1. Which value, in Å to one decimal place, does the Kirkwood hydrodynamic radius take for the range 368-438 when every pair of different Cα atoms is included?
2. Write down the Å³ per residue value for the convex hull defined by the alpha carbon atoms of the range 279-350.
3. Using the C-alpha gyration tensor of the range 200-355, what are the square roots of 5 times its eigenvalues, in whole angstrom, with the largest one first?
4. When Lys and Arg each count +1 and Asp and Glu each count -1, what net charge do the other residues less than 13 Å away from Q265, Cβ to Cβ, add up to?
5. So what's the net charge close to T214: Lys and Arg +1, Asp and Glu -1, counting the other residues with Cβ under 11 Å from its Cβ?
6. What is the order of T289, T331, fewest Cβ neighbours within 10 Å to most?
7. Starting at the first residue of the range 34-49, write each ³J(HN,Hα) from the Karplus equation 6.51 cos²θ - 1.76 cosθ + 1.60 with θ = phi - 60°, in whole Hz, x for Gly and Pro.
8. Report ³J(HN,Hα) in whole Hz for each residue of the range 51-68, in order, from the Karplus equation J = 6.51 cos²θ - 1.76 cosθ + 1.60 where θ = phi - 60°; Gly and Pro get x.
Amino acid sequence: MQDTPQQSAASEEVPNKYHQERLEQPEPPSGCPMHATWSPLNKDYLDDPYPIANALREEYGVFYAEELGYLVVTEMADLEAIFTDHETFASVNVQDPVFPLAPEAQAILAAPDFNPVAVMSNRPEPDHGRIRVHTRQGFSNKRIKTLEPYIRRRGNELIDAMLAGKSPTEFVQAFAFPLPGETVFRFIGFPESDDEMLKNWCGDRKAFSWGRTTPEAQAEIATHMLAYWRYCRNFTASKRDNRSDDFASELITAHEENPQDLTYQEVESVIYGLSFAGHEAVTALICNTLQCLLSRRGVWAEICADASLIPNAVEEVLRYNSSQVSWRRLTTKDTTIGGYDVPAGTAIFMNFASANRQPDIWDNPNEFDIHRPNANHHISFGKGVHYCLGAKFAKFETQIVTELLADRIPTLRLVEDQHPDYFPNITFRGPTTLQVAW
């Protein structure tokens, strides 16, 4: 696990490895502003990134964060240019740990059978496009709609349990964490009997790829990742002779019909990656939506009275208080960003929090407005060939949840004077707890 930034996911030593460490970095771009203290892991930034992100955009535009070791890009036009030039700005580092792994974690993940390959978010072209042809079919409108009855049934069950308990209650564990995870597991085809085990394994994955943890915590996370990968491999093998109406069965069939276009190891790896990534951001998005709506009682009353307002309201949440506030890229060759010459192998931190509140794109960008006509111009799901495959799914599920809560609990409100914590990581943002009452 000693790949350098100059080595792509197509490294001869470890081709297309799902997680890599990139321990060497080129010098910062010559003449680029340097920031010695800012990091997306700073407590003040985790608590509320938007004022700080706006100030960074206005003062620097592009700068080098010394503590992070990344070139930070803050303006929408630059982010869109990076996303749409996938040959110069590779996505190969988006699942990589930000900081070096402890020897304890390295030893666990060195197991010979821990061999997932990059498949979607971190696989470069042309392979990404080859694999996406098959995975995109699983995220069709038809497939997503087949999950609606489950989302509504399970959502109502969780609401029933909330209402049968005491008010106030902690919403993340009562609703926002279980529903997205279980929905993704049903989508893939995992049996319900494995839900709790799977959710326990998934819990701290964002700390591995996007956070900074202790050696002890890294070893525990690595142990869970290895167990999860082995589970996914065994599950995939079991589905070969037991097909059903689920995404895993569709992928296996696609592999058998087109083995050169979709390998069996890629099927295993898609299931591994999706089952981790397919619900963390949705949990955060559901919580962020409630924070935005319930703290504005007049807006919540509008939502309760007219469910047709919900889709645009969710788009505005994604702009105003996104569940994903950054993403990453790695330069494959010397290039230019913001007027600075950037060497090959430079890690890029793409700051969505700054771009999504850019005043030349949105009027009064620091105000939350569910009627905003261009709310969906945000960058929260990326752009270009790597546009988030699950974007439609995430919005659809959040819309259903908002509709259910508005219909079943119109008196729902946030408990006053609470100060939610946010798990320290560079990308995903949602409260770890959220107290609600009714």
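1. 15.2
2. Normalising the Cα hull of the range 279-350 by residue number yields 124 Å³.
3. 33, 27, 19
4. -1
5. My count for the surroundings of T214 gives -2.
6. So the residues, fewest neighbours to most, are T331, T289.
7. These are the phi-based 3J(HN,Hα) values: 10, 10, 7, 10, 6, 8, x, 9, 5, 4, 5, 6, 4, 5, 7, x Hz.
8. Whole-Hz 3J(HN,Hα) from phi for the range 51-68: x, 5, 4, 4, 5, 5, 5, 5, 7, 10, x, 10, 7, 9, 8, 5, 5, 8.
Quick note: the coordinates plus some simple rules give every number you see, no bench work behind them. Here the structure is a predicted model, which is why all the values come from computation and not from measurement. All Cβ positions, even for glycine, are placed from backbone atoms using ideal geometry, and neighbour counts span all protein chains on display.
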